[in-house]
Structure formats: structure tokens, C-alpha cells
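The values are calculated or read from the model by the stated rules, or taken from the named source; none is laboratory data. Not measured: the values here are computed from a predicted model. Quick reminder, even Gly has a Cβ in these numbers, built from the backbone with ideal geometry, and neighbours come from all protein chains shown. Ligands, DNA and RNA are excluded from the accessible area calculation, which covers all protein heavy atoms including side chains. Shrake-Rupley method; radii C 1.70, N 1.55, O 1.52, S 1.80 Å.
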Amino acid sequence: MADRQVPLVVIKRLPRYLRYLGDLLDNKVYRVSSTELSDKMGVTASQIRQDLNYFGGFGQQGYGYNVELLYNNISNILGLNSGHKTIIIGAGNLGRALVNYGGLQKRGFEVIGIFDTNEDIIGTTHSGITILPYSDLQSFVKDNKPDIGVIAVPKANANDVAHDLVSCGIKALWNFAYVDLKLPEDVIVENVHLSDSLMTLSYCMADMEESKK
């Protein structure tokens, strides 16, 4: 990887590159130019080359990119090849959907535990993972050393859950609760506010309708 700092906007494009490269591999396409990749992704070829140059380029003039090699390199840059043990707090509809979502495992995120306070669902199993009582969180983390904590609880409980996870030693959180968490600076938080995305879509629709007038 190059020494210069990589802009966050570039990092956020890497999963999209990975998705398209994975589609190419599924279709047995093993070589692609930046122009061909540009046509598929709707990103300019120069932007693709600029993004990848932050990490060494990976392309070869007159040949383009080896799709499998580029896929593996981006996976490595994103830390997917090492795998991440993941636990989920909240076994409601969202938490169970995440457990059942095969894409997490495919991308290297191994769900090893899910926790809830609802006695009616504790002990039930989803995709081979048994829902555990929240009171077992600390001992489970001590024994299994997960890397990532997923917060899938109502926003009223999210900050308390986040602090519990951090106090157990988990410093990477995937937050689905619609609230900004107040945590130490050394904690990495990726927020997934689904309604924000939906409101952005609503704005774009309204803007499009306005432009037609």
C-alpha cells in the first residue's frame, strides 16, 4: 500500500469494486480494462486508476487488470482475508436477518454469537447460532474474543450496549440504531442509518419531479 493517506471516499468505493469484480469472476471473465470496468460501474476510467494507484495500481499497460488478482488484493486491503469474529446484540427482526444473511460469512465476517434480553427467544437457534442471554456477554467475549460488535437494538438502549461492548474490549462497532454513539476516540464505529438513505432517495425523487416542471 502506498504511504500517502487514502481518502475515506476512496475506501468507501472499494467494496463496490469488489462486488463488480466478483460478478466478473462469476461470469468467468479474468481480464478487464479500466474502461470496461468504468462502463459497468458508472465511474470514470481515470477515477478507477486514481483510486487503485493509492494502493500500488495493480494494472498493466496494454493488458488491464487481472480480475482475480485485483479481487484478492482489494479483499486484502479491506481486511477480509483475515476474517472477523462478529457478535450481534439484539435478536429482533434485524438481528435475526443479519444472522441468516449468508453474505456476512462470504465476506469473512463470522457470526459467533447473538444476544438478547427477551426470555421468550433466548435459547432458540438461527442458522446454527443460539441466542444467548445478554447477561452472558462479558464472559462470552472473554472466552471467544470477537473483533466486531453489531448493535441491532432500539436507539434508547444503543449507547448502553455500545459502552458494554467497549468495556469488554471490543473496539469496532457496526451500529444499526438510529442514534449517534458517544464513545472514546479509539473506537471505530460504522453507522448504518437505513432511514437516512431512504430520505436521501426521497429527496432525489422530489428533485427529479421539480426539474420536470
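Of the residues making up the stretch 91-99, not a single one is without any contact (Cβ under 8 Å) to a residue 24 or more places away in the chain and charged (D, E, K, R).
Scanning the stretch 111-123 for residues that are surrounded by 14 or more Cβ atoms within 10 Å (Cβ to Cβ) and not small (G, A, S) gives V111, I112, I114, F115, D116, T117, I121, I122. Restricting attention to the stretch 127-163, the residues that are open to solvent by 50 Å² or more (accessible area, probe 1.4 Å) and touching a Lys or Arg at 6+ places or on another chain (Cβ under 8 Å) total 3. Restricting attention to the stretch 41-67, and to residues there that are more than 21 Å from L8 (Cα to Cα) and exposed (fewer than 14 other Cβ atoms within 10 Å of the Cβ), which single residue is farthest from the chain's Cα centre (by Cα)? By that ranking, first place goes to G62. Report whether or not F140 is more than 15 Å from R96 (Cα to Cα) and touching a residue at least 40 places away in the same chain (Cβ under 8 Å). Taking the combined requirement at face value, the residue satisfies it. The residue pairs whose first member lies in the stretch 7-34 and is farther than 14 Å from L69 by Cα, whose second member is open to solvent by less than 50 Å² (accessible area, probe 1.4 Å) and among the aromatic types (F, W, Y), and whose beta carbons are closer than 7 Å, counting only pairs six or more residues apart or on different chains, are V10/Y54.
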